[in-house]
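Student: Take a look at the following structure, please.
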């Protein structure tokens, strides 16, 4: 994997520099699409700067204060970037609607030049931030992709306006992009929520895992299995394994099997068959047939 936070830094520098250039261009061309884009890009730039620090922090090794390490910091980065995106999109929607009601003349030639530059610069930034695994990197990349789209739309729109002189093309386009972004934000927020609520990671089928563990030699029963993820990529598990006779090999087998299910870190408690297991409360009913749990 490439150094994720270095790429985020490149994107940050490209973005802030470009948004200042854009602000000037927006005033000169009198285009709401470009002006709202510049504010949007500036907000993106700020949130990317934040994501950079948080992503860097998330790489720190576990210590006494954060025994799990700092991976959740990158999720925090994702929350902040996504919130800024939502805010930016709502702002764009508000302004576009205002312009729909009162159309304004724009300078299309200037817009066309700006848009070509916009596509190029943001395409480079997207290229630098792609391929991230953490949610934070995904939301930074979403910002970038979104900016490329925004500019492609501005480019198409400014060419259309040049040939048709329909003024409301400008705000209609910025509305479309904003709605597209909001949809993606919704998906991001859902994933963040699931991580914080300790939902079983979506790439793990717990029933299948349990079945395969029970098929291992010497394992009589598996219970108190808890799965969670720190950042959407690093999965953790704790479980109790019941055996007839204690054999260190059993633990190795279990760990190997968990590894196949993309579980990076596990805590396994071994129990003998006649041992009383105390916490009855955290038993999970895994019933394939029904989802109703009766105790």
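Student: Angle, helix 72-101 long axis vs. longest principal axis of the chain, Cα atoms, 0 to 90°, nearest 10?
Tutor: In the chain, helix 72-101 runs at an angle near 30 degrees to the longest axis.
Student: Please give the helix 169-196 orientation as an angle from the longest Cα principal axis of the chain, in degrees from 0 to 90, rounded to the nearest 10.
Tutor: The angle comes out near 20 degrees.
Student: Let me ask something additional. Work out the FRET efficiency for residue 253 and residue 187 from their Cβ-Cβ distance, taking R0 = 30 Å, and round it to the nearest 0.05.
Tutor: 0.20
Student: What is the packing order of peptides 253-264, 186-197, taking the mean over residues of other C-beta atoms within 10 Å and listing the highest first?
Tutor: Output ranking for 253-264, 186-197: 253-264, 186-197.
Student: For residue 238 and residue 20, calculate 0.36 nm times their separation in residues minus their Cα-Cα distance, and state this gained length in nm to one decimal.
Tutor: 73.5 nm
Student: Let me ask another. Sorting check: for 200-213, 16-29, which peptide has the highest mean count of neighbouring beta carbons within 10 Å, and how do the rest follow?
Tutor: 16-29, 200-213
Student: Rounded to the nearest 0.05, what FRET efficiency do residue 214 and residue 264 have when you use their Cβ-Cβ distance and R0 = 30 Å?
Tutor: Calculated transfer efficiency: 0.85.
Student: Pop the C-beta distance of residue 6 and residue 123 into the FRET formula with R0 = 22 Å and round what comes out to the nearest 0.05.
Tutor: Efficiency computed from Cβ-Cβ geometry: 0.75.
Student: What 222 nm value per residue comes from the helices of the chain, counting each DSSP H run with n ≥ 4 as -39,500 (n - 2.57) and dividing by all residues, nearest 500 deg cm²/dmol?
Tutor: -22000 deg cm²/dmol, from helical runs alone.
Student: Arranged from highest to lowest average of other beta-carbon atoms within 10 Å per residue, in what order do the peptides 137-147, 52-62 appear?
Tutor: Answer by packing, highest mean first, reads 137-147, 52-62.
Student: Continuing with the same structure: Quick check on the stretch 23-140: take the gyration tensor over C-alpha atoms, sort the square-rooted eigenvalues as a ≥ b ≥ c, and tell me if it's rounded (a/c under 1.5), prolate or oblate.
Tutor: Verdict is prolate for the stretch 23-140.
Student: What's the center-to-center distance, using Cα atoms, between the stretch 95-127 and the stretch 33-75 in Å?
Tutor: So the two Cα centres are separated by 27 Å.
Student: Sticking with this one: So in the chain, what percent of DSSP beta bridges are antiparallel if you round to the nearest 5?
Tutor: Taking every DSSP beta bridge within the chain, about 50 percent pair in antiparallel fashion.
Student: Determine which residues of the stretch 40-75 fall in the zone a paramagnetic label at residue 196 would reach in this model, i.e. backbone nitrogen under 15 Å from the point 7 Å along Cα→Cβ.
Tutor: So the set is 72-75.
Student: Let me ask something additional. Any idea what angle helix 248-260 forms with the longest principal axis of the chain, computed on alpha-carbon atoms, 0 to 90 degrees, nearest 10?
Tutor: Long axis of 248-260 versus the principal axis of the chain: about 20 degrees.
Just so you know, all these numbers are worked out from the coordinates, no wet-lab data involved. Keep in mind that this is a model prediction, so the values were computed, not measured. Positions of Cβ are generated from backbone atoms using ideal geometry, with glycine treated the same way; all protein chains shown enter the neighbour counts.
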